[in-house]
1. In the list 189, 161, which residue meets the criterion of being open to solvent by 60 Å² or more (accessible area, probe 1.4 Å) and within 19 Å of residue 82 (Cβ to Cβ)?
2. Run down 87, 105, 72, 123 and say which single residue is modelled with pLDDT under 95, surrounded by fewer than 19 Cβ atoms within 10 Å (Cβ to Cβ) and of a type in the set (Gly, Ala, Ser).
3. Looking at region 131-151, is at least one residue modelled with pLDDT under 90, assigned to a loop (DSSP other than H, G, I, E, B) and either open to solvent by 30 Å² or more (accessible area, probe 1.4 Å) or not β-branched (Val, Ile, Thr) (or both)?
Amino acid sequence: QRAQVPLPSPEASPKKSAAAPIPSMAAPTTPPAPTANPPEPPERRRRPSSSLEAAPSVDLLAWLRPTAGFQAAANAMAAAVREAAKAAFGAEAFVRPFGSFLQGAHVEGSDIDLCVDTPYGCARRFAGRGNSPTEAQVQALKTLRRHLPVEIDVKETRFGRHIRVPILVLAYVDDGDVRIEADVSIGCREEKTGVTKGFTDRLIRKVLRRVPRALPLVQIVKRWAKVNRLNNAFEGYLNSLGWTLLCLFFLQCRGEVNSEILHEDDCDDEDNFGEESLPEPLCPIVVKATANEGNHALLSEEDVAEFFEAVADFRSWLEREPPPEEDPQAAAGVLGPPGVSLLSGGRVRGPHGERAPFYIEDPGVMIAVQQCENVGRA
């Protein structure tokens, strides 16, 4: 509901420094003091005539953007993992980022997703001996852990048998008191699909660079999900990629995201990232609104509220299924869970036998290997 999804007021918060703690986007725990003129109820507020009046402030978007100190701490974490990987698996070992850092949509406080591998596969040395591929990855992560510097804390190990992708959760605090966490996995390819980790993230990065309102919407929604602890698939919620794809699908339903962008091969020098540093965060696209464009040019607070309303009401808009002749699964009498697809630009059905009640198609996996992969599966 709109009244339940408040955006923070940067003017009411102290200016953020590189080492300052991140202020919460959640509602305050104590109610504000009553005023003589209380604000008008949300349902009675009129949409401002100018998109500049309705847009989240530039201060808010700047506050979401990672500081130079946070980016430096993230690079220090990646460098420490890289050195540990070389010590554990040899000089040819490498570390690659994926997830929100590769998308360019990370915000202050985002975790880094890192994968460690070698040209021959650093988990292969632990294969055999009765070890499954997952157990071999666990052994590789344990080897990596023994070579981490003392400055890096192991916050958590996700090595359980029910874990599909074993992960080391690391934490690092630099001299400026900036904290960064990293989720480290083994292998640069997904074990299930064979697709290179980060392929979907590069597709998303292309969309974020082309669609002006996509980046601020993704950053605001991801920050909200993190503050409310609704972004951890390990705990049964949508992961960060799931929230991002829902944001892009929401804009696609409004005609702002064209699925053809995902198929374009337009990589330029900005997308050629080096091995020694993490990608820089994308900057919001500044678009000057015109009288004809109105609120379409800039993201408004009502746009954010309407996104949450669409997500909260997902059952009703998923019930409107395509006709059987347009749905091969329906024509065959085999139906998977309802869901959404950026590639088709509409509602689709997930694969038959999918246990999750909702399907969010991974566009990278579908493009690379024509295989259904549900990002919405916890």
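1. After applying the criteria, what remains is 189.
2. The match here is 72.
3. The answer is yes; a qualifying residue exists.
Residues checked against (1) under 24 Å from residue 314 (Cβ atoms); (2) open to solvent by less than 70 Å² (accessible area, probe 1.4 Å); (3) part of a helix (DSSP H, G or I):
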residue	(1), (2), (3)
204	yes, yes, yes
207	yes, yes, yes
222	yes, yes, yes
225	yes, yes, yes
229	yes, no, no
244	yes, yes, yes
250	yes, yes, yes
260	no, no, yes
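The values are calculated or read from the model by the stated rules, or taken from the named source; none is laboratory data. Quick caveat: nothing in here was measured; it's all calculated off a predicted structure. We place every Cβ from the backbone using ideal geometry, glycine too, and count neighbours over all the protein chains shown. These area figures cover heavy atoms from the full protein model, side chains too; ligands, DNA and RNA do not enter into them. Shrake-Rupley method; radii C 1.70, N 1.55, O 1.52, S 1.80 Å.
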